[in-house]
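The values are calculated or read from the model by the stated rules, or taken from the named source; none is laboratory data. Keep in mind the model is a prediction, meaning the values are calculated, not measured. Cβ: placed from backbone, ideal geometry, glycine included. Neighbour counts: every protein chain shown.
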Amino acid sequence: MQKIRKFEQAAEQLFLEGKLPGFIHLYIGEEAIAAGVMATLNKNDYITSTHRGHGHMIAKGGDINLMMAELFGKTTGYCKGKGGSMHIADFSVGVLGANGVVGGGLPIAIGAGLGIKIKETSQVAIAFFGDGAANTGAFHESLNFASIFRLPVVFINENNQYASTAKKQETTSVENISDRAISYSIPGVTIDGNNVLAVYEAAKEAVERARDKGGPTLIEAKTYRLKGHFVGDPTKYREQTEVNNFWGKEPINIFEKQLINWEILNQKEINNINERLDNQILEAIKFAENSPEPLPEEALTDLFVDDTGYDY
Amino acid sequence: MKTITFSEALGEAILEEMQRDDTIFTYGEDIAKQGGIFGAYKSLLGKFPNRIFDTPISEEAIYGSALGAALVGMRPMVEFHFSDFLFTGIQSITLQIEKIRYMTGGQGKLHLLLRGPDGVSNSAAAQHSESIETIFMHIPGIKIIIPSTPYDIKGMIKTSLRSDDPIICFEHKSLYSQKGEVPEEEYLIPLGKADIKKEGKDITVVTISRMVHESLKAANELVKDGIDLEIIDLRTLLPWDKETVIKSVQKTNRLIIAHETWRRAGWGAEIASTIQEEAFDSLDAPIIRIGAYNVPMPFSSVLQNFVTPDKQNIITAAKKMMGEM
Ligand SMILES: Cc1ncc(C[n+]2csc(CCOP(=O)(O)OP(=O)(O)O)c2C)c(N)n1
Ligand SMILES: [Mg+2]
C-alpha cells in the first residue's frame, strides 16, 4: 500500500513539475483494494486494470523502474514509450493491461477466464473497474457471460463514488453496485474498500470459489478518490470538506495504527519501511530520467509480429 | 466583430439555439458540472437545468437515445466526450442512426447532432487521440462537419441544430483554446461549402481541422521558395464541396490532400480518386496524400510527433511536387 502511495505521490509531483506528459489518474486513497486483492493471488493469476492502474500493477508485482520509465515515455519503459500511464501492462506477471476505455477490461478478464476454464488450470482472472464502469454495457454483458459459463473470474468494483465529475448516486440505479449481482445469479458483496483486511477476506473467499469451479463473484469495495480525477482536475464538483473527511478514513493510516496496536510492527520498523520505499522510488525516478528517449522511427515497430502493415 | 475562443464560439452557438428552440436539449458525460472537458459548456453552466445534463458512462444508450428522441420530435445534441468513445456505442450510430430513415422508406426526420473532440493532443496515447471521420464518410447515413475556426464552429453548429438530418461534428482538441473573430450579429454557415482560406496559383491543398492551420503555416514558409499554395478548408466532409476543389485544381493543376487521420484508406484517398476521375486532364503531377503513419497513436512525444503529420509534411510534399527535391 505504502509503495503505491509513494509512487503516486512521486508521479503527481513529477507531473506538476511538467516532467510527465499525457494524463495521470492517481490511486491515492484506494490502495487497500489492490493490496488486499493481490495478496490472495499467485503470480500466474491474471488481472485487468483501468485508467487508474498504477496501484494494480505495483501490487501484482510490477517493476516500478519500468513503470516510471513508461510514465516518462522512455524506451526502457514497460511499453517502450508507446503506452504511457493508461496502458501499462506486464503480461509476464499477469497484468493484461491498464485500459483507457472505461469498462474495457471486463470482457478481457472473462476471456482470460475462458482460457483458464478450457485449459483446466486452477488460475483465476480478476477484473478491476470503477463505479462509472458499472454503467457500461460491457459490465452487464460480462457478468452475464461469466455467470452462464461459470468462469473463474472475480469482478472487483472500486466504488470511489465518482466517475470523473459525476456522483455515483446521480448516475447509478442501485444503492450498492453489488446489488447488480442478483441479476446475474452470482454472489455479490459490498465491503469497506479502505480496510485492507476486509478486502483480503472477501477476495480470498471469491478467489477460492473461482478456483473450485464455483463461478464468478462481484465484490464492491467502497472507497474514495482523494485526488482529482486526473492530475490537474479543477475538482469543482465536490466540497473540500467532503475530501477532508475522507482523508481521515484513508486506508494506510488505519492499517498502520492496527499494526502498531497489535504489536506486529513498531514505529521504528514502519519508518524503516518508509525509508526503504522512498529510496526505491528515487531509484525509479533516476532510472527513468537517465533512460533514453525512443528514436522517432521506433513508432514503426510492434504493430504485427511479422513487422508489416505500416505502409499499406 | 469580437475575438473569442473556439470553445466560447461553440458555447454561444449552443446557447443561442437553445434559447431559440426549446426542442433542443443536450447531454453527455461530464458536461454539466464543470462546463465540459474542453470548456464548451462553460457559458451554459446553470442554464436550462432540464435540457443540459450528465449521463452515465453508457455510450450505446447515449447515441441510440438521440435517435429515439429525434423520432419523437426533439432535437438532441449529444457530446461524445472523445471521438474514441464513439466506438463503445458504435452500433447505435452505424446500424441505427445511419440506416433507419432509409430502411423505412424515408420516414422520419433525424434532427440530431453528435459532437465532440477528436485528434492528437499531447501524449493522450492510442485510445484518446483518434481521428475517425473517414469511417462515417464510408458508411452512408450521417453528415460530417469539421470546423477549424471559431467563426466556422459557431455558424456551422447553428446550422446543424436547424437541420433535419443527422450530423456528426468533430472538433480538434488543439482548436478549443484558439481565438478568432466572430461577428456580433447572428449568422449561419451552410453545410457542404468549402472555404478557400488562401488563394494561390501553384498547388491546391485540400484539408480540414488542425491541418488547415498547419497548411497555412506551410504556405507562409513556402513563400520564400516561390511556391504559392491555395488552401481549401472543406469544413464539411459529407457532402464535400467537389465543385470548389475541381475549380481550384483546374487553376493550379496540382493537388495535395492533408489530413491528420491515417493515410491508408483515409478520406484523402476518396478525394484523390474523385479528382483523377473527374479532372484528370487538369493534373500536371500525381496527387499527394498526407496523413498519419498507419499505427495507433504512441504515447511518447517523440513518437507522437513522428506519426502525426504537420506543416513540414506539407512543405516537403509541395517542394517535391514542384520538382525542387
Ligand atoms: C468508454 C469510455 N467513456 C468515457 C471515458 C472517459 N472517462 C475516463 S475515466 C471516466 C470516469 C470513470 O469512472 P470510474 O469507472 O468510476 O473510475 P474512476 O475514474 O473513478 O476510477 C470517464 C468518463 C472513457 N475513458 N471510456
Ligand atoms: Mg469512480
- Message: Of everything in the stretch A:70-125, what is on the phi > 0 side of the Ramachandran plot and at the interface with chain B (Cβ under 8 Å from one of its Cβ atoms)? Give them in sequence order.
- Response: A:73, A:81, A:84, A:103
- Just wondering, is there one or more residues in the stretch A:190-199 that are within 15 Å of ligand 2 (Cβ to nearest atom), farther than 20 Å from residue A:33 by Cβ and at pLDDT 95 or above? no
- Task: Can you give me the number of residues within the stretch B:117-131 that are within 14 Å of chain A (Cβ to nearest Cβ) and within 16 Å of ligand 1 (Cβ to nearest atom)?
- Result: 10
- Task: Look at residue A:249 and say whether it is among the basic types (Lys, Arg) and over 30 Å from residue B:304 (Cα atoms).
- Result: yes
- Task: Among the residues of the stretch A:53-65, write down those that are of a type outside the set (Asp, Glu) and either away from every other protein chain (no Cβ under 14 Å) or without any contact (Cβ under 8 Å) to a residue 24 or more places away in the chain (or both).
- Result: A:54, A:55, A:56, A:57, A:58, A:59, A:60, A:61, A:62, A:64, A:65
- Can you tell me which residue among B:103, B:1, B:74, B:18 is away from chain A (no Cβ under 11 Å), more than 27 Å from residue B:124 (Cα to Cα) and crowded, with 21+ Cβ neighbours inside 10 Å? B:18
- Filtering the stretch A:221-242 down to residues that are of a type outside the set (Val, Ile, Thr), free of Cβ contacts under 8 Å to residues at least 12 places away in the same chain and more than 14 Å from every other protein chain (Cβ to nearest Cβ), which residue is nearest to ligand 2 (Cβ to nearest atom)? A:242
- Query: Which of (1) more than 28 Å from residue A:66 (Cβ to Cβ); (2) within 11 Å of chain B (Cβ to nearest Cβ) does residue A:304 not meet, given it meets every other one?
  - Reply: (1)
- Message: Please go through the stretch B:29-48 and give me each residue that is within 15 Å of residue B:5 (Cβ to Cβ), in a loop (DSSP other than H, G, I, E, B) and at pLDDT below 90, ordered by number.
- Response: B:35, B:36, B:37, B:38, B:39, B:40
- Task: Only residues that are within 7 Å of chain B (Cβ to nearest Cβ) and away from ligand 1 (no atom under 12 Å from the Cβ): list them for the stretch A:160-169, please.
- Result: none
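Tell me which residues, restricted to the stretch A:129-159, are more than 10 Å from ligand 1 (Cβ to nearest atom) and within 15 Å of the chain's Cα centre (by Cα). First the steps, then the outcome.
Taking the stretch A:129-159 as the starting set, the residues that turn out to be more than 10 Å from ligand 1 (Cβ to nearest atom) are A:140-156.
Those that are more than 10 Å from ligand 1 (Cβ to nearest atom) and within 15 Å of the chain's Cα centre (by Cα): A:154, A:155, A:156.
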